[in-house]
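**Student:** Structure incoming, see below.
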Amino acid sequence: MMPSQLVGQDNHVTDVRVKTVYSGDVFITYINHNITLEEFTQEMMAICRFPPDQVFTMKWVDEEGDPCTISTQLELDEALRLYELNRDSELTIHAIGLHIEVRRSRLGRTIVLNT
């Protein structure tokens, strides 16, 4: 699946402009303001070309320049609400691929490392 640009019936873009930053590259796409977290995650996977089993984090940048994690529908809805409230030109998303390594300690405990 490739990233999409949704266009309304009058051929005007009616959706949220998203600037995705991943691994030094910048991608522009458009999403519906009613997008679900699952759809948004799939869109980010397509944009960044993550394999299906890739663990990654999505963060948006708020009006103060602070990164805010998007891991729930509520967090995504808040990012979109503030985008519209502030009349921002775009929603900036940083996608961060994580490399997870699972090990067992000598005591049999599972240790998860973000490498």
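The values are calculated or read from the model by the stated rules, or taken from the named source; none is laboratory data. This is a predicted model, so every value here is computed, not measured. We place every Cβ from the backbone using ideal geometry, glycine too, and count neighbours over all the protein chains shown.
**Student:** Hey, among 53, 10, 15, 25, which residue is surrounded by 13 or more Cβ atoms within 10 Å (Cβ to Cβ), of a type in the set (Asp, Glu) and at pLDDT below 95?
**Tutor:** Values: 53 fails: surrounded by 13 or more Cβ atoms within 10 Å (Cβ to Cβ); 10 fails: surrounded by 13 or more Cβ atoms within 10 Å (Cβ to Cβ); 25 fails: surrounded by 13 or more Cβ atoms within 10 Å (Cβ to Cβ).
So the residue among 53, 10, 15, 25 that is surrounded by 13 or more Cβ atoms within 10 Å (Cβ to Cβ), of a type in the set (Asp, Glu) and at pLDDT below 95 is 15.
**Student:** Here's something else I'd like to know. From (1) within 17 Å of residue 84 (Cα to Cα); (2) in contact with a Ser or Thr (Cβ under 8 Å, 6 or more places away or on another chain); (3) among the hydroxyl-bearing types (Ser, Thr, Tyr), pick out the condition that doesn't hold for residue 36.
**Tutor:** Looking at each condition in turn, residue 36 falls short on (2).
**Student:** Moving to a separate point now. Which ones in segment 20-33 are out of contact with any Ser or Thr (no Cβ under 9 Å at 6 or more places or on another chain) and in a strand (DSSP E or B)?
**Tutor:** Hits for segment 20-33 are 22, 25.
**Student:** Let me ask another. Which of the residues spanning segment 35-48 are in a loop (DSSP other than H, G, I, E, B) and hydrophobic (A, V, I, L, M, F, W, C)?
**Tutor:** Passing the criteria: only 35.
**Student:** Kindly provide the set of residues from segment 49-64 that are assigned to a strand (DSSP E or B) and hydrophobic (A, V, I, L, M, F, W, C), ordered by number.
**Tutor:** Of everything in segment 49-64, those that are assigned to a strand (DSSP E or B) and hydrophobic (A, V, I, L, M, F, W, C) turn out to be 55, 56, 58, 60, 61.
**Student:** Inside segment 59-74, can you point out the residues that are surrounded by 10 or more Cβ atoms within 10 Å (Cβ to Cβ) and either in contact with a Ser or Thr (Cβ under 9 Å, 6 or more places away or on another chain) or modelled with pLDDT under 90 (or both)?
**Tutor:** 59, 60, 61, 62, 63, 69, 70, 71, 73
**Student:** Taking segment 40-85 on its own, how many of its residues are touching a Pro at 6+ places or on another chain (Cβ under 7 Å) and not basic (Lys, Arg)?
**Tutor:** 4
**Student:** How many residues are assigned to a loop (DSSP other than H, G, I, E, B), over 12 Å from the mean Cα position of the chain (by Cα) and not charged (D, E, K, R) when one looks only at segment 65-94?
**Tutor:** Taking segment 65-94 and keeping what is assigned to a loop (DSSP other than H, G, I, E, B), we get 65-66, 70-72, 86-90.
Cutting the leftovers down to over 12 Å from the mean Cα position of the chain (by Cα) gives us 65-66, 86-90.
Keeping just the survivors that are not charged (D, E, K, R) gives 65, 86, 89.
Matching residues across segment 65-94 total 3.
**Student:** Within segment 28-40, count every residue that is out of contact with any Asp or Glu (no Cβ under 9 Å at 6 or more places or on another chain) and at pLDDT 95 or above.
**Tutor:** 4
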